[in-house]
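Quick note: the coordinates plus some simple rules give every number you see, no bench work behind them. Everything numeric in this text was worked out from a predicted model, so none of it was measured. Backbone-built Cβ (ideal geometry, glycine too); neighbour counts: all protein chains shown.
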């Protein structure tokens, strides 16, 4: 799959010494800096292992599907008590 530059994610690509290989999709830090929770307007925490954006203020976790953050309240799941405390 070709690399996508300037998008929300960096996609895995063939080895190239100028661009080290990546095992997983990684959210662009610039995108993370401008995204906020649509419910509380609070900052989000990127959970790379679960591919979610967490908002402690609203207690919601927004999924990242196919490399695209789904910022809809009805698509978010409620954080567990342990997740809220972390």
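Summary table
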| item | result |
| --- | --- |
| Relative contact order [Cα under 8 Å, 6+ residues apart], the range 35-86, whole percent | 26 |
| Fewest-first sequence of 27, 72, 32 by Cβ atoms within 10 Å of each Cβ | 72, 32, 27 |
| Peptides 62-69, 76-83 ordered by average Cβ neighbours within 10 Å, highest first | 62-69, 76-83 |
| Shape of the range 26-85, Cα gyration tensor, a/c cut at 1.5 | rounded |
| Distance in nm between pseudo-label sites at residue 77 and residue 49 (7 Å out along the Cβ direction from Cα) | 1.4 |
